[in-house]
Structures are given as C-alpha cells and as structure tokens.
Amino acid sequence: MRRKISIILALISGIIIQMQAQTQNNETGRMARGTIKGQVIDASSGLAMEFVNVVLYTAKDSTILTGTITDRQGLFSISPVKNGMYYIEVNFIGFHKTRLDDIEINRKSPVVDLGKITLRPSNQELKGVEVVAEKDRIEYKIDRKIVNVSMDLSSSGGTAVDVLENTPSVEVDIEGNVSLRGSSSFTVLIDGKPTTLDGNDILKQLPASSIQQIEIITNPSVKYDPEGGSGIINVVMKKRKRNGFNGIINASGGNQNTYSSDFLLNYRKNKTNWYVGGEYSVRNYYSDAIMNRETYGDTTYYVDAERERVWKRNSKSAQAGMDYYITDDQTISLSTRIGEYGFGMDMDSKTESYTDPSTSLAYTLDKSEFNRTGFFWEGNANYDYKIDNEGQKLEIRAFYSHHDDDEKDMQQTLITDSNYDPVNDNSNDVKTREKETSYRIRFNADYVLPIRKTAKLELGIQSKIRQEEIDYKLKTHDPISENVDSIEFADRQFDFRQNIQSAYAIFSKEFSFVSMKAGLRAEYTDRELSNKDTSETYGINRIDLFPSFHLSKKFNKENQLMASYSRRINRPRGWYLDPFLSYRDQYTLRKGNPDLEPEYTDSYDITYLRHFKKGFLSFETFFRQTNNRIERVPELYNENTIIMTFQNVDKDQSFGSELMLNMPVTKWFKFNTSGSLYNMKIFTEENGEEVTREDINWRIRGNTTFEVGKSTKIQLTAFYNGPSITSTGTRGDFFMTSLAVRQDLLNNHLNLVFRVRDIFATRGHESTTDQPNYYVNMQHLHTIPRISLGVTYKINNFKRKPKSMQSEDEGMDMQF
C-alpha cells in the first residue's frame, strides 16, 4: 500500500511539474539541445528504483524547468535542455531527498550523464499504511504472460502444475502432464537456466510456495534455446537481496497422505549476498480407471479392467548460493542444488478377458508397482558486466548437472475365479530395472551493443553437451507370456550422446511508426546412440537454422498491436530412440525408433493489447505448424499384444485465438477470465493412405478474488477443457472447480491458507485410441477432492524480488 501511495504521488508530482514547466519549455524549446540522464538506485539494496521524481531547476533562480520519473530500470532522461547551469532534486516517499548541483550544458558537453544516484531510506513509516505491492494473478507483458504465484491462493501447498492448470495457453491432464497450446513439446527453465529433469517432471516437483512467478513465452527470440516446439515455461524462484537477515518458511498438509515444507534464508552485507534453502515433500493422488480394450484379427481379443491407482511423488533438496558485487557494474553469482526425488504408481486391477469366437472367460488380479528414484546435483556460475549506461553489457553463464536414475517396475498376475478370489498362490511375476546416469554441460556468452539510441545488436554463442548411459535388466518368474518371445528382452546397455553448438545474432530497431526485431540462430547437432554389447550405432549430424521476427506498434498508451514469428525444434529423448523391446505389462510392450527425426515447428502470433486504468484486455491469434510430428503409435505385435513405439507422422496444424480479460470490479472484488478456441488438424497415414483428422478445441477459465476486510481473501477458480483429438483417437472434456481462503495474521508475517481442489470430483475424463486393428477406451475417474491447509511465516519482513528472464529490449522501450 505504501508503494502504491508513493507511485501515485510520484505520478501526480510529475504531472504538476510538467504543467508548471510547460510555459517555459515552450519559450525556450527551440534553443534547447542538451540532455541530462542518470539512474536512481536504492542505497540499502543496490536495486534500481522505479517511479522516482527527478526535477530540474535553474541554478540562477531555482525556477522549475522540467521534470520526469524513472522507468523500471531506474533510468531517467531529461531533454531538450538549453545551454546553462542547473541542479536537480531526486525524491521518493520514504527516502531522503538528494540534490546534485553544478550541472552545466554547453556546446562542448551537450549530454551530461550523472551515473548512479543513490537514495537512502528515511526509515519513516506512514501511519496506518502497510507496505504491500498488490499484483494481479496474471500480468500480460509484450512477449510473455506472467503468473504471480503469490496471488493464486488455490495453488497453495501444491506444485507448479497446480498453478499452471488455471493459466491461459496451458492445459493439464488428470495425471498432471502439462501441454502448451495443445503440445507437450516445450522447454522448462528455472530462473532462465536449464534443469536436470524432464520438463513435466520438474513442474510436478517444484513447490508452489517457493515460486515467485511463472512466465509463459510462446514465441521467444533466437537468444533463447529453440528446443521445445510450443515455447518456454520459465519458473522464477523466490529470492531476496535486502541488507541484513531475512527469510520465509512454508509448510502444508492435506488428505491423501500429502504434505510438504520448504524454507529460504538470506543474508546480505556490503558487497556479498548469501542464501540457503531446502524443501521436502510427499504427494499422493488417488484415482480410478476403467479400461475396455479390443484387438482385431482372425480372432478378436477383449480385455476389460477396473483399476485403482495411486500416483506417488516425493522429493527433498537443498540449495545454496552467493552473489558478489565486484563493482556497481560487475557481479559474480555462484549457486548449487542437490537432492533426491521419486515418483511412481501403484495399481491394482481386476481383469476379465475373452475372445470372439468365444472361449471360456479368464479372470485375473493384476498388481503393478512402478517406482523411479533419482539423485541430482547441479551448479551454476554467472558473470554480469554492465559495460556502460547506454545498455552495452556482457553476460556469461556456465551450468553443470549430474543425474543418477533408478527405475524399477514389477508386474504380478494371479489367476482367479469370477469373484476374483485366487485359484492358487502361483503368480506370474515380471521385474524390470533400468538405471541411467547422465550429465549435462552448458555454456553461454551473450553480448549487447546499442547502436545510437534506437537500435542495438545482440550476439551470442552456446555449447551444450549431454551424455547418458542406460542399463536395462529383466527378470521373470514363469514365462512372461505365451505370446511374447522372451529372447528379445535380453539385458542390454547403451550410450546416448548429443553435442549442440550454436550462435545467434539479433538486430533491433525502433522506428517512429513501429518497433522491429529480427534474429537468426544456427545450430550444429552431433547425436549418437550406441549399444555397448554390439557394434550397432545410430547417429545424426546436421545444421539447422532458426529465424525469428517481431514487430510492435504502439498506437497510444492504451492500445498496442504485436506480431511475431519463430521456428523451433523438438529433439527426441534417448529412450525414444532405443531400438529394443521393453516390457510394460502382459498386454503391452515398448520399443523406440532409432530413425526418429526432430520435430520442427513454425509459429506465428498476432496480439492486440488494450490497457485500462485498472486492467487489460488481450486478444491473440496464432497459427502453428509442426512437421515431422513425433507421435506415440500402437502396433500389433501378435493377436493380443501391442507395441507402443514412436514415429514421425507427417505434420499437424493449429489455428485459433485466445481472449483474456483482467479487471477489478470493485476494491474488494477482482475478476479474471480467459478462453481459447482453435482448429487442429493432424495429417498422418493409415494402411498406406493419407488421413486427416480435424477437430475444434475450446477451453474457458475463470478466477475471482474477494477481499473480506484487510486480512482475509477468498478465491474461487474454475476451468473447462473441451474434447480434443489425437493422431490415434480422442480425449474427452472435463471440468474442475477449486476454493481457497487466506487469512493474514501478525501484521502479515503469518499467512494461513485453506484450499479445496476439485470440489465436486469432476476432474475425470474419457480417452480413446481407435486404430484398424486396435481399440482402447479409458475412463479416468477422480473420486474425492483434495483438501489442504498451508502456513507461511516471514522472517524480518521478507519480500520477494523476482529475477526473471528479462526481455532483452529493456531500456529501449522495445520489450519483445
């Protein structure tokens, strides 16, 4: 609230100053040619200050000549200024006023750069005013959507997935798998850096309480890695660089044996900032499923099953880091993170199988336990050098990660009677184990060179090295199945290696009528998959080009139109390429495809943004085409066994629009809604013939927040996902509602959040796979809502300071 008052007063003061100085400016404008500029910094934190008043006076008689306020980087520029002597005053509520004298503008020195101007806090509190900067749950920047996690009460005690399921452009299925505009091909970054885990896996593990923002970037520039066909999801973690000691502690617990806790502590003194944190969580999700499966041939095989499933996730990790400010313009940052994780599923099934022509019915109890555990360690080293105040800078990033993974799968089958009572104690057991060791190395160097005031050139290089070693073993008790040739399941070891070298260049220019940015990235890929037990190798060597182009037109302060294009890539994972059979269950096998090629996506966006005094309206139209689409495809292995493999299935196209409205209705009631409608086409082949599958997909979301007094908030969220198609079948619609209540205590040092997710247990949906010789219908059921209570405690008035993937064009008013 104090910050709001400060900003409002700063804006009012700026208007008054401008009006007061207007007459004199009109009289002297023709003679004025000079410029006075600088940057305002908070002396206590070293951070740039926005909305600070900067007033220019004549030295002769202290007449106000003109004034301005600083931008988000703390920068200001006053022009035109005629030749003469001046002084300026820099002022912001809650800080001591600073005066700079003896400022001279003349022909030899028409531009005066005052450099960094520091303001010291006055340590005076406004009576009855609480220091709170209220934000909307979703903010719309020029090149990204930003989800402010602290404003999403329904995700409290959950994970990043819980935040994303009510976010525009994002879909989340019943198993917590995320897709971006209908595609599961996207890249997840943590504070703009890569992660050791698969994108979906890391989103399911990151506690929402440790996240400051999530950024959705559907058309990034070529500065960013082109991996991920549908774009980037960047998770910005909480961090703070205030002087002294401060921190935050979170804990939550709920039904379904779910609980979590995390903390972040920070200490800064002089030029050094230290922080340490940790998290521990156990999350379980219970659901039921009904499966009906048919395989066709001379004999039709039917399998019907009722399943009870428990999805399990757990994690524990610790992190530490430091920032050392060599000078005001140079910073070195070091950080490390270490931890363990686990996820899996326990499933009990009652299965009935029969054939046509008819045979006697067979009944079995099937039990499966899938568990994957892992250990990881990662380290980051960063160097930032702000070469001058014009925007010239150098950034160097180094990243290393090591990852050990152990996957165990057990399948047990008992023959029973029609009541599912075991006939005997003999069971068919199958156990598989797959160990994986991997490491990744990544190095980036990025340089920005301003060209005069309206253009700039960006150059960068990147090197990525990835190595994986996989060891697969299978053990059986009794034959696996009469239908499976067990010799194909021999133990094996193979290596996966991928090296990618890249370079990019971006040119940006701001014209009087439009802002433009064009870039090109070149990448060389060297990939090899090799079997240690044989001489077989599968490799690829290729050069790819990735262009991007952005345009932005500001009609006025309220209306803006943007257009963008980018080309992206989705490379297959190592196990997508493994050419050997892997056992999944008695009816399903898995096999990779070593000839799999990357997907290439061309993405086009046009966005209109309308700002209101207290909200905004956005309308996006997009077209995306993916060539060499990678799809999980079922193939008939024999009469009753299916192989799930991967193929490039021609292409798909998506054409549609998204509408989002963010508007406070009253001081105590806020409303946010969004919807999307798009046409999706999938081009593939069936039995040697070209087939086009087409469907209209639509989704709608709503979020309302009520403030009850100064310390209580109630939030209700709901979303509906319409039915959609896949290359092999369909997925049904589903609907979910959630309720959350937050109570602030102890002057906002302590927060309690109670939430109920999926209030009416309506999250389930139906899916089908329909092929010429294979049909499966699955009904996914949610049985009970998820209920939790969370608590947050702030130490020494901890406040979050996000460190996002800032737009490369900040400081140029060209924020693509």
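Given segment 570-641 reduced to its alpha-carbon atoms as identical point scatterers, what log10 I(q)/I(0) does the Debye formula return at q = 0.21, 0.23 Å⁻¹? Here the Debye-derived log intensity ratios amount to -0.96, -1.04.
Kindly give Rg over Rh for segment 241-301, based on alpha-carbon atoms, with the Kirkwood expression for the hydrodynamic radius. Walk me through the intermediate numbers first.
Values: Rg = 24.7 Å, Rh = 16.3 Å.
Here the Rg-to-Rh quotient is 1.52.
Placing R0 at 60 angstrom, the Cβ-Cβ distance between Asn389 and Ile415 gives a FRET efficiency of 0.15 after rounding to 0.05. In plain terms, if you count all Cα to Cα distances in segment 198-309 and split them into 10 Å steps from zero, the share in each step is 10, 24, 23, 23, 11, 5, 3, 1 percent. Each residue was assigned an accessible area with a 1.4 Å probe, and for Phe511 the value is about 90 Å². Here is how the number arises for the chain: DSSP H runs of 4 or more residues each give -39500 (n - 2.57), the sum is divided by the residue count, and the result at 222 nm is -1500 deg cm²/dmol. In this structure Asp198 has an accessible area near 50 Å², from a 1.4 Å probe over the protein heavy atoms. Once you reduce segment 200-224 and segment 308-374 to the center of their Cα atoms, the two points are 19 Å from each other. Label-to-label distance, Val708 versus Tyr604, with points set 7 angstrom from Cα along the beta-carbon direction: 5.1 nm. Each label point was placed 7 Å from the Cα along the Cα-to-Cβ direction; for Asn426 and Arg33 their separation is 10.3 nm.
Say R0 is 30 Å: what FRET efficiency, to the nearest 0.05, do Ala398 and Asp533 get from their beta-carbon distance? For R0 = 30 Å, the calculated efficiency reads 0.25. Candidate cross-link partners of Lys271 among the aspartates and glutamates, defined by an alpha-carbon separation under 18 Å and a same-chain spacing of 8 or more, comprise Asp42, Asp323, Asp328, Asp329, Asp384.
Among the listed pairs Lys408/Lys475; Lys193/Lys509; Lys386/Lys557, those whose Cα-Cα separation exceeds 18 Å are Lys193/Lys509; Lys386/Lys557. Extents of segment 679-721, taken as max minus min of Cα coordinates on every principal axis and listed largest first, are 66, 13, 10 Å.
Over 21 Å between C-alpha atoms is what I'm after, so list which of Lys393/Lys456; Lys204/Lys651; Lys464/Lys651; Lys97/Lys238; Lys269/Lys316; Lys473/Lys591 land there. Among Lys393/Lys456; Lys204/Lys651; Lys464/Lys651; Lys97/Lys238; Lys269/Lys316; Lys473/Lys591, the Cα-Cα distance tops 21 Å for Lys204/Lys651; Lys464/Lys651; Lys97/Lys238; Lys269/Lys316.
Semi-axes of the equivalent ellipsoid of segment 379-528 are 57, 18, 15 Å, computed as sqrt(5λ) over the eigenvalues of the C-alpha gyration tensor in descending order. Based on alpha-carbon atoms, the Kirkwood radius and the radius of gyration of segment 643-764 give Rg/Rh equal to 1.18.
Accessible area per residue, 1.4 Å probe, Å², for the chain: what's the number? Present the calculation step by step, with values, prior to reporting the outcome.
Details: 37000 Å² over 816 residues.
Dividing the accessible area of the chain by its residue count gives 45 Å².
Of the residues Ile88, Ile787, the one with the largest accessible area comes first in the ranking Ile787, Ile88, computed with a 1.4 Å probe on protein heavy atoms. The listed residues Lys238, Lys670, Lys613, once ranked by accessible area (1.4 Å probe) with the largest placed first, stand as Lys613, Lys670, Lys238.
Using 0.36 nm times the number of residues separating Asp329 and Ile441, minus their current alpha carbon distance, what extension gain do you get?
Working: separation 112, 0.36 × 112 = 40.32 nm, distance 2.73 nm.
Net length gain for the segment: 37.6 nm.
A 1.4 Å probe, protein heavy atoms only, puts the accessible area of Arg120 near 140 Å². Put simply, the convex hull of the Cα atoms in segment 559-704 casts, on average, a shadow of 12.6 nm².
At a 1.4 Å probe radius, carbon and sulfur cover how many percent of the accessible area of the chain? Write down the numbers at each step before the final one.
Numbers: 19670 of 37000 Å².
For the chain, the apolar C and S fraction of the accessible surface comes to 53 percent.
Compactness check for segment 536-580: Cα Rg over 2.2 N^0.38 Å is 2.14.
Using Cβ point charges alone (K and R +1, D and E -1), the dipole size of the chain about the Cα centre works out to roughly 5880 debye. Per-peptide packing, taken as the mean over residues of other Cβ atoms within 10 Å, places 329-339, 714-724 in the sequence 714-724, 329-339 from highest down.
Looking only at Cα atoms, what is the convex hull volume of the chain per residue, in Å³?
Values: hull volume 133.3 nm³, N = 816.
Per residue, the Cα convex hull of the chain comes to 163 Å³.
How do Ser360, Ser548 stack up against each other in accessible area, from largest to smallest, with a 1.4 angstrom probe? The partial results should precede the final answer.
Values: Ser360 95, Ser548 10 Å².
Ranked list, largest accessible area first: Ser360, Ser548.
At what distance in nm do the modelled label points of Tyr87 and Ala455 sit from each other, each positioned 7 Å from its Cα along Cα→Cβ? Distance between the two pseudo-spin positions: 4.2 nm. With an a/c value of 1.5 or above and a/b not larger than b/c for the gyration tensor axes a ≥ b ≥ c computed over the alpha-carbon atoms, segment 501-620 is described as oblate.
Of interest is the spacing of the C-alpha centroids, which for segment 37-53 and segment 599-644 amounts to 42 Å.
The values are calculated or read from the model by the stated rules, or taken from the named source; none is laboratory data. Source: prediction; values computed, not measured. Every residue, glycine as well, gets a Cβ built from its backbone with ideal geometry; the counts of neighbours run over all protein chains shown. Calculation scope for accessible area: heavy atoms of the full protein, side chains included, ligands and nucleic acids excluded. Shrake-Rupley method; radii C 1.70, N 1.55, O 1.52, S 1.80 Å.
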